[in-house]
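Let me begin by presenting the structure, written as structure tokens, before commenting on it.
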Amino acid sequence: MKKIVKSTVAIALGCVMTLSMAACGDSGNSNKVVIGSVTEASGDFRFPAAYGGSSVGAADQDISGMSNGYETMSVNQNGSYVWNETVVKSHSETENQDGTYTIEMEINHGLLMSNGEEVKAINYLVYSLVFSTPVSKAAGASGMAGNVFVGFDEFSAYTGNATTPVKFTGLKLLSEYKFSVTISSDYYPYYFAYVYGAISPYDLELTAGDADYVKADETGAWLDNEFYAKTGDTYDSVAHLQKARYDISTYPYTGAYVISKWDAATKETTLTLNPNFAGNFEGQKPHIETVVYKYVVSETQISQLKSGQVDIIEGITGGDETKQALDVINESPDKFKENHFDRAGYGKIQFDCDFGPTMFAEVRQAVAYSFDRNDFAQSFTGGYGALVNGPYSTNFEAYMNNAEEIEDSLNSYAFSVNNAKQVLIDGGWIYNSKGQSFVEGQSGVDSVRYKKLTAEEATDVNKNYQSVRNEDGIVYKTVNINGEYYMPLVINWFSSEDNPVSDLLVTMLQKASSLTSIGMVIRQEVGSFTQLTGEIYREPTFGYSGTPTYGMFNLATGWNSEIYDYSYNWSLDETWFDYSVNKLYDEYDKAYPYYDNDGNHEVKTYEEAMEESDGKLGMDYISMAMVYDATTKEEYEKWFVAYMLRWNELMPDIPLYSNIYYDIYNADIVGYETSPFFGAAEAIIYCSLASAQ
């Protein structure tokens, strides 16, 4: 029996899910390149993974990646993790007798930050230290950054009250340039254990507020009590962490570029070359002096490319946009070039599954049945893409090895009004607003179906649930009839502005006669991508009101490496709610949980678990077992297939399309090559301008 606890290292580095299509555009004059992005940056560049849960906005992630470097392991062009030999002089891994796992790393001398300060071993320990404290949690971060390491529980519980600070024993400083991390036996072995060695350095003052607060030796690492100082009930260091999160000028950078300007109004970021940068994992240094990361809208990005306002449009997708982009190249092959690849990701409808109609699987299934996804995919991609039926990329080896079984077993949710009606009837959506039987063809509030809520389902949020954007004068809301609550089949949908996917969904889904005929209404609210992110993560600083309102979103997801790890995304433990993008709690997990009542787990093979659960394994169990129980490729792929099948039954998302990405760029740029796992933010370091040579 062993207790398993999720590794936030694996979450942050292995399964980062971008929340939008990573489309871009650029303009270049002198030694400058402009990357245009249809994703708005929020300014969260310093510690995006600490605050962003399992999903970090694509623009913030790209800018953070360009300005932060010297990571011990990097993701290469093929999506594989490799040791960064520019940084790491030597490394070793040891399986200890007590079941723990130690990785020891020695870094090279002479690695400089942008201010000329040398990077040393202690810089690799400070992030896990600071963001494992209650101080960081009070600042709005998860506080779980170092939970994979030995000693986390004791260290993370320390509030600064003792004479001698508590040490984080799994983080050790062995010399000025050598350190080690020890992974707890609670969550080792782990199928992707090698990613535990992927650690990035941070400036001590940026992270802790004062370099003198950070201490470490061969017995562990710790923070002085001054870091935990309070004024009243508030940690003084909270103010520093909240300010440093968005501070672009006070502290140095470790990446190829430094952020010299951020305009919150225009969402434009200017990065300038860091002359002290020693190189990436292949020793590559930047040649482009200035990179501007610019927010653009899809309707005008091609014209901005042609006029020279942008130089690179990354990840063009959709039939009309792809054709426009390729026309640009055909018209001016001497001025523009293209690079394309199959996307490692897909566009989707995403549901919140803990309140409102979308908390019920039959509603999510009914939405999927209510429009022709194949037609949608073809209409949007113009033939430059395909449809997927689950949360996978056709680039994954595990998918390719099991494609026939997966596709033969998945429900494609082919367009069917009858099937949509039937799943709703089976799910109890059989009433009108008066608690009487639903009759098709009625008007007003009774044009939609209602469901009688159980006592468990009748939460305060659901009791007060109502429609938004009531311009037609009809307000749908939960009604109380003789002490029983009936919820309307009305989904509140939040979409980002200037989004062609949203426009197509309005036509093919929201306003489709099929939706009316099944007794469902979808109400759309449009806002910025930052607001959308705030609603998904319920983040007040991004505009979230404090009350869940929207159960449906449209965006995209993708993978930036070969790591496929969704453990804790479906956990029943609210500690991990930040990582539960869909906020779905599988009924199967309640009947057959991964953990026993004491928080322990007995490792079983896939066959053993299926037999004991009577074939009913939930999302939490499957996702955990896939990476924590599997020790062989064969066993891992069994869990991978099971994950696809259960996900397809519950439909927390509806995949809309998986497309070919086209990067269109100014022909003056030399050396530009991207891949599904290596975008413009990574490729720009290999580029130069012919006109500047």
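The values are calculated or read from the model by the stated rules, or taken from the named source; none is laboratory data. Quick caveat: nothing in here was measured; it's all calculated off a predicted structure. Every residue, glycine among them, receives a Cβ derived from its backbone with ideal geometry; neighbour counts consider all protein chains shown. For the accessible areas, the whole protein counts, side chains as well, though only heavy atoms, and no ligand, DNA or RNA atoms are used. Shrake-Rupley method; radii C 1.70, N 1.55, O 1.52, S 1.80 Å.
Some observations on this one:
- Set side by side, the residues Lys294, Lys306 differ, and just one is in contact with a Gly (Cβ under 8 Å, 6 or more places away or on another chain) and more than 24 Å from Ala386 (Cα to Cα), which is Lys294.
- Applying a threshold of 6 Å to beta carbon distances and a minimum spacing of six or more residues, or different chains, the list of pairs starting in region 198-211 at a residue that is without any contact (Cβ under 8 Å) to a residue 12 or more places away in the chain and ending at one that is surrounded by fewer than 22 Cβ atoms within 10 Å (Cβ to Cβ) reads Ala211/Glu205.
Condition check ((1) open to solvent by less than 20 Å² (accessible area, probe 1.4 Å); (2) basic (Lys, Arg); (3) closer than 28 Å to Thr557 by Cα) across all residues:
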position: Ser393; (1), (2), (3): yes, no, yes
position: Glu397; (1), (2), (3): no, no, yes
position: Asn401; (1), (2), (3): no, no, yes
position: Glu405; (1), (2), (3): no, no, yes
position: Ser409; (1), (2), (3): no, no, yes
position: Ser412; (1), (2), (3): no, no, yes
position: Ala420; (1), (2), (3): yes, no, yes
position: Val423; (1), (2), (3): no, no, yes
position: Trp429; (1), (2), (3): yes, no, no
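- Residue list for region 476-521, restricted to those being without any contact (Cβ under 8 Å) to a residue 40 or more places away in the chain, under 32 Å from the mean Cα position of the chain (by Cα) and open to solvent by less than 30 Å² (accessible area, probe 1.4 Å): Val506
- Looking across region 634-671, the residues that are open to solvent by 10 Å² or more (accessible area, probe 1.4 Å) and closer than 30 Å to Leu273 by Cα come down to Tyr661, Tyr662, Tyr665, Asn666, Ala667, Asp668, Val670, Gly671.
- Screening Gly28, Gly69, Gly52 for residues that are open to solvent by less than 20 Å² (accessible area, probe 1.4 Å) and at pLDDT below 90 leaves exactly one candidate, Gly52.
- Flag if Val291 is aliphatic (A, V, I, L, M), over 30 Å from Asn411 (Cα atoms) and open to solvent by 20 Å² or more (accessible area, probe 1.4 Å): no
- Leading residue by the ranking (most open to solvent (accessible area, probe 1.4 Å)) among those in region 180-203 that are of a type outside the set (Ser, Thr, Tyr) and out of contact with any Phe, Trp or Tyr (no Cβ under 8 Å at 6 or more places or on another chain): Asp186
- The criterion of at least 2 residues that are open to solvent by 10 Å² or more (accessible area, probe 1.4 Å) and without any contact (Cβ under 8 Å) to a residue 24 or more places away in the chain is met, among helices (runs of 4 or more DSSP H) falling completely within region 79-179, by 152-157.
- In region 522-566, residue surrounded by the fewest Cβ atoms within 10 Å (Cβ to Cβ) [restricted to those that are among the aliphatic types (A, V, I, L, M) and part of a helix (DSSP H, G or I)]: Ile536
- Test: residue in region 335-347 that is in contact with a helix residue (DSSP H, G or I) (Cβ under 9 Å, 6 or more places away or on another chain) and under 30 Å from Asn462 (Cβ atoms): yes
- Scanning region 225-266 for residues that are of a type in the set (A, V, I, L, M) and within 28 Å of Ala683 (Cβ to Cβ), we see that the one that is surrounded by the fewest Cβ atoms within 10 Å (Cβ to Cβ) is Ala264.
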